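Trainee: My questions will all concern the structure given below.
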Amino acid sequence: MPQLAEVVPLTPVDGSFTYVLPLKCEFVAIPGARVVVPFGRRNVMGVVAERSEGEPDGLKTIEEVLDGEPTFTKELLDLTKWIADYYICSWGEVLKAALPKGLIWSPRAQNGTPVRIKTARHLRLVEGVDVQATLAELKGRKQKALVEALAEAGTHIPQTEALRVSGASSATVKGLIERGWVEALDVEVERTSDAMSAAIDTPKEVALHASQSDALAAISEAIEAESQTTFLLHGVTGSGKTEVYIRALKRTLAKGKTAIVLVPEIALTPQTVRRFRAHFGDRVTVLHSRMSDGARFDAWRAIRDGRYPIVIGPRSAVLAPLENLGLIVVDEEHETSYKQFDPAPRYHARDVAVMRAYRNGAVCVLGSATPSLESVANARAGKYVLLRMPQRVPVKGREAAPLPSVRVVNLLREKEIRRLKGALSEELRDAIRHRLERREQIILLQNRRGYAPVLTCENCGHTPECRDCAVSLTVHKPKRQLRCHYCGRAERKPNVCPVCDSSELVFLGAGTQRVEEELAAIFPAARVLRMDFDTTTRKGAHRAILDAFGDGEADILLGTQMVAKGLDFPRVTLVGVVDADTGMLMPDFRATERTFQLLAQVAGRAGRHDLPGEVILQTRNPDHPAIRFALAHDFDGFVEHELAERQAFGYPPFGRMIGIEFKGADEGSVRRLAEAWTSELANDAQGVAILGPTPAFVSRVKRQWRYHTLLKAPRSVPASALAGFVRSTIERTGPPKKGRRINVDVDPVGLF
Ligand code: ADP
Ligand code: ZN
Ligand code: ZN
């Protein structure tokens, strides 16, 4: 019988296709191996899903097998298939997302792949050479030193090192090679990411406090029993969650198993990565998409070879090619950066982590100070085991550091009575002044970058908008520019209104640059560091800012939500939220949850050690639930309130949702596509609410008009049934005409 193989092409075309195996490939085309196959009119890379036998009639033949060992384990093949099914995309798209660029074959690249293995020239003594006899025969001092160095090493060493220790030159080496005493060889060098290049600190050894011990005991028991449990570790900021992860990882390694630690964004968590390295040294590596292609290629292959039992990384690290998984930790599990949006697969790394752990009999730990309502609901339903750490780590010899006191400043009233000037109220200014006098540090959150979000003409009301997106342009001071935060377009800020020629152009609102300017005017001696998208584009800029602040080189760290995440600075005693309302009024059912989480997280940066902390929230909506519950550190109250709202409207976690986005350059044609597609869907989907199509909240981005349709169904409708409606509609309607696109987003996290 001729040998056949089912191959998944790495394209958006769904499914696998049968190919004939040429004789020479019969032994290498194993499941999980990469192959090159003719597909349509070109050659593409694919992955062998399984082997079969059958009639070769009408089938194409595999061109080439790229691997001797399978690139994908059976486990990852199955997991990626599950992701494709659940998130309604092609299996090939998921396989592609799981691979570093260096392993993706392309017909244009030399040797098929765009990344090469890096090697360094090493030297060693030729086997069987008698060292004493050779040394006796050699005259040159440097020649002798080189031979001695190689003899001492007993193995091959990099030529650069051999030359350095012996003082020899490459001419010396050449001579020794010609005489048959020394030989050169190329040895692979592993390129590393920045996070891995810093020195390894000594680990801080601590005695666990009571709730840490309880949490660890429960997790350890599950690790020992390989019991497939998912834990929700709800611990306030500074309660010692990371310490629990570290101990659980030690348990996992002791059992000979491997682990993944997901963090929201690697650049924002240099402190966390450092702590893991302090404990695990060379047994841990990072994997993320911002590494150079070379470093990612090397890290991926090293993980696949079993060299690192622990992998830390953002979202995509959930697909790390580890075998024998024992534990997956998802830190800050509520973070929206765990959801991929563009391109497909639009997966949620937390949910994939739970599934991957489950399928491997592994333990999953979801940690957060402000767990997502989805996870809280799963814990209440008994699907996850809830572990709580309600108090901060006790300071040596004393009680737990109390959570900071929180005050609200009502900006509307401020305006009435004290004539608010600028973005900082008098209360916040006073609080800043006190900290500066005491040489304590301050974190200020203003979740908007640029100088002012809007420029407007007082005379005619004109507001400049982006030519390509339906949003107003943000004023950026340094280059006197107007910039679009959706597409990046920049233009010169006009001096007079382009419509009426009036010079009465005013700035509305404040971004981080404007707050920075205000701080400089009020506190000219204060040293301010600004951390936002614009100050962190350079590689390593994040770390430089955080290190400088940690070293006391600045008094105030001012920034967007970046300053709310995972930072632990003992001298920070004041956190000020300049405008707690940004984002609160977004047309998204998660807006309240987001705002509450951001406020609770940033508040957690204050008073973490022996100095007491204080938080000041400036708002125009002091009665908003996000503010009310953040003010009282009342997570449970917030959950009760928010779950009731969600239940009333059938939103997640009580309902399932799938978002469909229609895009294209011509508005009429996108709208017609959205309408036709949606009514086709409506024919099929019983028991499902279909909302839309409606223009998206930002109705045009990068010249593309956007329409949305939302499917909403009760939890009783299985995910597979809901996905089935969408899939069958896609099949019936076929792919959209050129220039128009349909994006399917299962469990969407941002609805605009
Ligand atoms: P979280 O991850 O919950 O924010 P961390 O694990 O980062 O908390 O702990 C906060 C700080 O307290 C860190 O500096 C950590 O080293 C320290 N720490 C954690 N657990 C203990 C403990 N049991 N005893 C003393 N210090 C601890
Ligand atoms: Zn005007
Ligand atoms: Zn734009």
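Computed from the coordinates by the stated procedures, all read-outs in this text should not be read as laboratory data. Since this is a predicted model, take the numbers as computed values, not measurements. FYI the Cβ positions are ideal-geometry reconstructions off the backbone, even for glycines, and counts take in every protein chain you see.
Trainee: How would you order 679-688, 611-620 from highest to lowest mean count of nearby Cβ atoms within 10 Å?
Mentor: 611-620, 679-688
Trainee: Using the Karplus curve 6.51 cos²θ - 1.76 cosθ + 1.60 with θ = phi - 60°, what ³J(HN,Hα) values do you get for each residue of segment 493-508, in whole Hz, with x for Gly and Pro?
Mentor: So the J values, rounded to whole Hz, are 6, x, 8, 10, 4, x, 9, 10, 6, 5, 9, 7, 8, 10, 8, 9.
Trainee: Below 8 Å between Cα atoms, with a sequence gap of 6+, how large is the relative contact order for segment 384-457 in percent?
Mentor: Here the relative contact order equals 13 percent.
Trainee: Just tell me which lysines come within less than 18 Å, Cα to Cα, of Lys139; anything on the same chain fewer than 8 places away is out.
Mentor: The reachable lysines, counting only those whose Cα sits under 18 Å from Lys139, are Lys174.
Trainee: With both bridge residues required to lie in the chain, what share of the DSSP beta bridges run antiparallel, to the nearest 5%?
Mentor: Here the share of antiparallel DSSP bridges comes out near 55 percent.
Trainee: Let me know the shape class of segment 3-112, please: from the alpha-carbon gyration tensor, a ≥ b ≥ c as square roots of the eigenvalues, rounded when a/c is under 1.5, otherwise prolate if a/b is greater than b/c, or oblate.
Mentor: rounded
Trainee: Further question on the same structure: Over 27 Å between C-alpha atoms is what I'm after, so list which of Lys81/Lys539; Lys339/Lys539; Lys74/Lys339; Lys81/Lys702; Lys250/Lys539; Lys96/Lys738 land there.
Mentor: Beyond 27 Å: Lys81/Lys539; Lys81/Lys702; Lys250/Lys539.
Trainee: Let me check against my output: what whole-number percent is the relative contact order of the chain, with C-alpha pairs under 8 Å and at least 6 apart?
Mentor: RCO, the chain: 10 percent.
Trainee: So, one more: Give me a comma-separated list of calculated 3J(HN,Hα) values for segment 348-356, in order, Karplus coefficients 6.51, -1.76, 1.60 applied at θ = phi - 60°, integers in Hz, x for any Gly or Pro.
Mentor: 9, 4, 5, 5, 5, 4, 4, 5, 5
Trainee: Using θ = phi - 60° and the Karplus relation 6.51 cos²θ - 1.76 cosθ + 1.60, list the HN-Hα couplings for segment 629-639 in order, rounded to whole Hz, with x at every Gly or Pro.
Mentor: Using θ = phi - 60°, the values come out as 6, 5, 4, 9, 6, 9, 5, 5, x, 4, 4 Hz.
Trainee: Taking the Cα centre of segment 655-746 as origin, work out the dipole magnitude from +1 charges on Lys and Arg Cβ and -1 charges on Asp and Glu Cβ, in debye rounded to 20.
Mentor: 360
Trainee: If you put +1 on each Lys and Arg Cβ and -1 on each Asp and Glu Cβ, how big is the dipole of segment 175-248 around its Cα centre, in Debye rounded to 20?
Mentor: 320
Trainee: Moving to a separate point now. Assigning unit charges at the beta carbon (Lys, Arg +1; Asp, Glu -1) and nothing else, what dipole magnitude in debye, to the nearest 20, does segment 119-188 show about its Cα centre?
Mentor: 400
Trainee: Within straight cross-link reach of Lys204, meaning Cα distance under 16 Å, which aspartates and glutamates are found once same-chain residues fewer than 8 apart are removed?
Mentor: By straight Cα distance, Lys204 reaches Glu243, Asp568.
Trainee: Here is a further query. Which value results for Rg/Rh of segment 197-389 when Rg is the Cα radius of gyration and Rh the Kirkwood radius based on the inverse mean 1/r?
Mentor: 0.93
Trainee: Now for a separate question. I'd like to compare 151-161, 292-302: which one has the highest average count of other Cβ atoms within 10 Å, and what's the full order after that? Could the numbers behind the result be given before it?
Mentor: Numbers: 151-161: 13.5, 292-302: 21.2.
By packing density, highest mean first, the sequence is 292-302, 151-161.
Trainee: Right, something else. Hey, what number do you get for the chain at 222 nm if only DSSP H runs of n ≥ 4 count, each worth -39500 (n - 2.57), divided across all residues, to the nearest 500?
Mentor: Dividing the helical sum by the residues of the chain leaves -9500 deg cm²/dmol.
Trainee: Taking amide H positions as placed in the peptide plane 1.01 Å from N, state which residues far from Leu386 in sequence (5 or more) or on other chains have amide H under 5 Å from it.
Mentor: It is Leu232, by chain and number.
Trainee: List the residues whose amide H sits under 5 Å from the amide H of Arg571, counting only those 5 or more places along or on another chain, with H placed 1.01 Å from N in the peptide plane.
Mentor: none
Trainee: Run through every distinct alpha carbon pair of the chain and return the Kirkwood hydrodynamic radius in angstroms, one decimal place.
Mentor: 29.3
Trainee: Something else about it: Using amide H atoms built 1.01 Å from N in the peptide plane, name the residues 5+ places from Cys469, or on other chains, whose amide H lies under 5 Å from its own.
Mentor: Under 5 Å from the amide H of Cys469: Lys702, Arg703.
Trainee: Follow-up. Which of the peptides 524-532, 246-254, 661-669 is most tightly packed, and how do the rest follow, judged by the mean count of other Cβ atoms within 10 Å per residue?
Mentor: 246-254, 661-669, 524-532
Trainee: So which lysines pass the test for Lys118, namely a Cα distance under 20 Å, with those fewer than 8 places away in the same chain ruled out?
Mentor: Partners within reach: Lys101.
Trainee: Here is a follow-up. Specify which residue in the list Met562, Val577, Ala525 is farthest towards the positive end of the charge dipole of segment 500-586, using unit charges on the beta carbon of Lys, Arg (+1) and Asp, Glu (-1), about the Cα centre.
Mentor: Highest projection toward the positive end goes to Met562.
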